[in-house]
Amino acid sequence: MEGVGITVTEHLLIHQKDSPMATGLFTRMFNELIFSAKIIAREVRKAGLVDILGLTGDINVQGEQVRKLDDYANRILIHRMQKAGVLCAMSSEENADIIPVPYNMPKGNYLLIFDPLDGSSNIDANVSIGTIFSIHKKKDGLEEVSVSDFLRSGTEQVAAGYFIYGSSTMLVYTTGNGVNGFTLDPSVGEFLLSHPDIKIPELGRVYSVNESYTMYWDERTRAAVNYFKSSKNERGKPYTSRYIGSLVADFHRNMLYGGIFMYPADNRDPKKPRGKLRLLCEAAPLSFVAEQAGGAATDGEKRILDIEPQSLHERVPLFIGSKRDVEKATAIMQGAE
Ligand code: P6P
């Protein structure tokens, strides 16, 4: 039937045979995640009209000022996902500790890790922002859930993706069988399949990095960034610089057009020697998506998905995007070129 479109639930059911873990419980969790994102999208869309911009006055575990919309998105996700009846605990970029499902609520075996509203420093300027999520399954056993259940390498994720609140609201996710994009149709309130089987171009023409940190980088990082600034790609095309300062927006553009996003380690802050981005709620989920779309992601040395996390809010340098570009940057970072 023309013009109806495939919803996320239908897509999950159609591909359930490819993803054995895409059970009814998984679908129910996904639907709660989608409902939370629809509520967040509604608030993001009207942020300029109501008193939900600006700062709450709080400082989060990352040492960052908490914005009202950040806090709202975090509370919505925690409140709704606790009721989903399929999680045993959550971890949010905004919360220092894990968030267990209350004793009086139904539990499941899934673990949800999320960054409720990434790029939030751009909210007041109406720049695209996003929600990033990563889903693991608790290892069997009845023992109480603890932080150690979350310290799993990215290869163990059962699903990951992001919502981007931009010119349209999109959901892009993987369950390990490729990447699909869905666009929210506000007239029906459903995310409909709009970007089936996304493949990131193997070679891009875009590099995304905050070059104001050049003075804080080591020589190899400068050499890697300089390669993209001063070389033509293997097809003889020059690179162009695009940096929005909102990870989900920069990543999503490179997913569709090709390119590399880099957030290298720098020596600005001795407390953050490995850079700003978080492994569990940013780098690992986006790396799962990137690899499933034919791209790559490293920390300048090793594959992001192979990193064994040592702490909940561990930070990691990130080189992510078109496979050949990430390989080139990583080779330069390793002194191999
Ligand atoms: P910088 C937003 O705060 C964020 O975490 C990412 O969304 C974005 O890519 C990065 O920080 C921008 O950081 O240091 O370039 O301002």
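Quick notes on this one:
- Any hit, segment 199-216, residues being away from the ligand (no atom under 16 Å from the Cβ), at positive phi and touching a residue at least 60 places away in the same chain (Cβ under 8 Å): no
- Meets criteria (outside any loop (DSSP other than H, G, I, E, B) and at pLDDT below 90) for Asp140: no
- For Asn254, the conditions (1) more than 9 Å from the ligand (Cβ to nearest atom); (2) surrounded by fewer than 22 Cβ atoms within 10 Å (Cβ to Cβ) all hold with the exception of (2).
- Residue list for segment 98-126, filter: aromatic (Phe, Trp, Tyr) and either within 16 Å of the ligand (Cβ to nearest atom) or within 23 Å of Leu151 (Cβ to Cβ) (or both): Tyr110, Phe114
- Only listed residue being free of Cβ contacts under 8 Å to residues at least 60 places away in the same chain and not assigned by TED's automatic domain parsing to the domain that holds Val316, chosen from Tyr110, Tyr162, Tyr103: Tyr103
- Taking the criterion of being part of a loop (DSSP other than H, G, I, E, B) and of a type in the set (Ser, Thr, Tyr), the residues of segment 92-133 that qualify are Tyr103, Ser128.
- Lone qualifier among Ser146, Ser153, Ser134, Ser120 - being within 30 Å of Asp269 (Cβ to Cβ), under 16 Å from the mean Cα position of the chain (by Cα), touching a residue at least 24 places away in the same chain (Cβ under 8 Å) and surrounded by fewer than 17 Cβ atoms within 10 Å (Cβ to Cβ): Ser153
To keep it simple, each residue is scored yes or no on (1) at pLDDT below 90; (2) surrounded by 14 or more Cβ atoms within 10 Å (Cβ to Cβ); (3) of a type in the set (Val, Ile, Thr).
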{"residue": "Leu12", "(1), (2), (3)": "yes, yes, no"}
{"residue": "Gln16", "(1), (2), (3)": "yes, yes, no"}
{"residue": "Met21", "(1), (2), (3)": "yes, yes, no"}
{"residue": "Leu25", "(1), (2), (3)": "yes, yes, no"}
{"residue": "Asn31", "(1), (2), (3)": "no, yes, no"}
{"residue": "Ile34", "(1), (2), (3)": "no, yes, yes"}
{"residue": "Ile39", "(1), (2), (3)": "no, yes, yes"}
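- Flag if Thr183 is free of Cβ contacts under 8 Å to residues at least 60 places away in the same chain and in the same structural domain as Pro116 (by TED's automatic domain parsing): yes
- Matching residues, segment 83-93, being at pLDDT 95 or above and either within 16 Å of the ligand (Cβ to nearest atom) or out of contact with any strand residue (DSSP E or B) (no Cβ under 6 Å at 6 or more places or on another chain) (or both): Ser92, Glu93
- Hey, Gly258 in contact (Cβ under 8 Å) with a residue 24 or more places away in the chain and closer than 18 Å to Pro317 by Cα or not: no
The values are calculated or read from the model by the stated rules, or taken from the named source; none is laboratory data. This one's a predicted model, so the numbers in the text were calculated from it and none came from an experiment. Every residue, glycine as well, gets a Cβ built from its backbone with ideal geometry; the counts of neighbours run over all protein chains shown.
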